[in-house]
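The structure appears below as structure tokens.
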Amino acid sequence: MTTAHICIMAAIIVYLGAMIFVGYLCSKNNNDSSDFYLGGRKLGPLVTAMSAEASDMSSWLLMGLPGLAYLTGIADAGWTAIGLAIGTYVNWRIVAKRIRRYTHVAGNSITLPSFFSNRYRDEKKILQSIGAIFIVIFFIPYTASGFAACGKLFSSLFGVKYLPAMIISALVIVGYTTLGGFLAASTTDFIQSIIMSIALVIVFVFGISTAGGIETVADHARSLPGYLTMFTTYDPTTGTEQAYPLLNIISMLAWGLGYFGMPHILLRFMAIENEEKLTLSRRVATTWVVISLAVAVLIGVVGLGMTAAGEFTLLEGSASETIIVQIANLLSQHGVLAAILAGLILAGILASTMSTADSQLLAASSAVSSDLLGSILKDKETKKESMMADKITLLLIAVVAMFIARDPNSSVFTIVSFAWAGFGAVFGPVVLLALFWRRSNWQGALAGMICGGSMVFIWKYGISKLGGAWGIYELLPAFLIAIAANIIVSLLTKAPSKEITDEFDLVNSK
């Protein structure tokens, strides 16, 4: 093993150890399920902002987005980034404060499904149970993809077998999340967002320097037809310019709709210590997202410039997603300090994956422990026993996710965009109408959830096969159908009680 590999491994081991230590420190603040799943609503504005965005972006920010720009130019990656940036800002602007206030008033809800049942006085907990089932359906494979990403990173870096690498990284995530719960996940996500930011800056600066400077990179990008425009793309197989259809632009922008229904992001809004501090959180989060997305896209362009400069061979297909790994390996050959920085970059990729996996794991376990089995597990338990049930559930969910991720050649990564569409369509319309429409009722919410979730499957595996305009990203039609179903069924069924509308008016009067 070379000195560079030793330095990289040391940096990553220190990082992983630090995450476990944070989990241990946070475990001292967990006294009941509310603390374990919502941090006792004590998050500060900076932790709220950065942990929300770190848990959102995942390894896609440091692998998928640069790889997309590297292959085909800035159009695909750019429109996706714009959609995500707009969705981030609007979500913070109109949803964050309202859901923090409403979840506190409506039965002090600690999960998204429990908020739905409390909001509509759903005594049979139908909304809570159906919501929890959808969370499990979409989140367990999503968590598995995070475990798999960590395993593939370690396996490719150090030449170890995939399975033990995946299990070790999963155990670290499970370790600090089980110890410290939501507070540990949020605190480590905050740290991980800083590491991700540093990694992006180092890669960008080193890449520009190695490729021969900004002008050289720009000149090479301009020489490729369609590479630097937002309305055409570059086809690497033929070296020609291809049109970028309006349908593609709409599909990419539609990614922003997903934010309204992401449980692991909405939980951050619910957990802040003071709703007035959400203004600062919004500004920090939006600024970080815009800068990070822009730099990630530019890294793809810079990476292609480095290829043109002969620094490494052309990356084709899915290999383009390893562009930052390639740059980190190149950096590690410039001495011990450079190798440590390379380790930090690779820890950043690991951080981006872990920050999403821990939040997904926590959301999935809360869906089972608190929403599906809450009345069975906790009716006669003490707070300590209740916490133990929460942790056991989390461990069981993790075992299932590791089982799904056991095959390095599995297509589990393809579930990411599908799961994003699923959450956006199932929960997004319900959240918006629950927060902003006085006439909505539980029957409408239930219809919206079922129609949204069903349509994601129907559109993805049926209608989209027709091609043409039907090939649009499934989130958009499923989202619109869910909203329509919610509104129509609410209007056709009994209006909400005075108790429900009075609570709605109280929340809106503040």
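Here is a yes/no grid of residues against (1) modelled with pLDDT of 80 or more; (2) open to solvent by less than 10 Å² (accessible area, probe 1.4 Å); (3) under 21 Å from residue 328 (Cβ atoms):
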{"site": "110", "(1), (2), (3)": "no, no, no"}
{"site": "128", "(1), (2), (3)": "yes, no, no"}
{"site": "154", "(1), (2), (3)": "no, no, yes"}
{"site": "158", "(1), (2), (3)": "no, no, yes"}
{"site": "161", "(1), (2), (3)": "yes, no, no"}
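Does residue 83 meet the test of being assigned to a helix (DSSP H, G or I), touching an Asp or Glu at 6+ places or on another chain (Cβ under 6 Å) and either without any contact (Cβ under 8 Å) to a residue 40 or more places away in the chain or open to solvent by less than 30 Å² (accessible area, probe 1.4 Å) (or both)? So residue 83 fails the test. For region 241-250, indicate whether the set of residues that are in contact with a helix residue (DSSP H, G or I) (Cβ under 9 Å, 6 or more places away or on another chain) and β-branched (Val, Ile, Thr) is non-empty. Yes, the conditions are met somewhere in region 241-250.
Each row is one residue, and each column tells you yes or no for (1) under 26 Å from residue 340 (Cβ atoms); (2) at pLDDT 80 or above.
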position	(1), (2)
2	yes, no
8	yes, no
26	no, no
56	no, no
61	yes, no
85	no, yes
92	no, yes
99	no, yes
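The set of residues from region 479-499 being in a helix (DSSP H, G or I) and at pLDDT below 95 comprises 498, 499. In this structure, does residue 394 turn out to be closer than 25 Å to residue 449 by Cβ, part of a helix (DSSP H, G or I) and modelled with pLDDT of 75 or more? Judged against the criteria, residue 394 is not a match.
Among the candidates 280, 293, 298, 257, the residue that is under 25 Å from residue 50 (Cβ atoms), open to solvent by less than 10 Å² (accessible area, probe 1.4 Å), modelled with pLDDT of 85 or more and of a type in the set (A, V, I, L, M) is uniquely 293. Tell me, please, whether a residue that is open to solvent by less than 10 Å² (accessible area, probe 1.4 Å) and either at pLDDT below 95 or of a type in the set (Phe, Trp, Tyr) (or both) can be found in region 454-470. The answer is yes, given that some residue of region 454-470 is open to solvent by less than 10 Å² (accessible area, probe 1.4 Å) and either at pLDDT below 95 or of a type in the set (Phe, Trp, Tyr) (or both).
The values are calculated or read from the model by the stated rules, or taken from the named source; none is laboratory data. Given the structure is predicted, the values throughout are model-derived calculations rather than measurements. Every residue, glycine among them, receives a Cβ derived from its backbone with ideal geometry; neighbour counts consider all protein chains shown. Ligands, DNA and RNA are stripped out before the accessible areas are found, and what is left, the full protein with its side chains, is counted by its heavy atoms. Shrake-Rupley method; radii C 1.70, N 1.55, O 1.52, S 1.80 Å.
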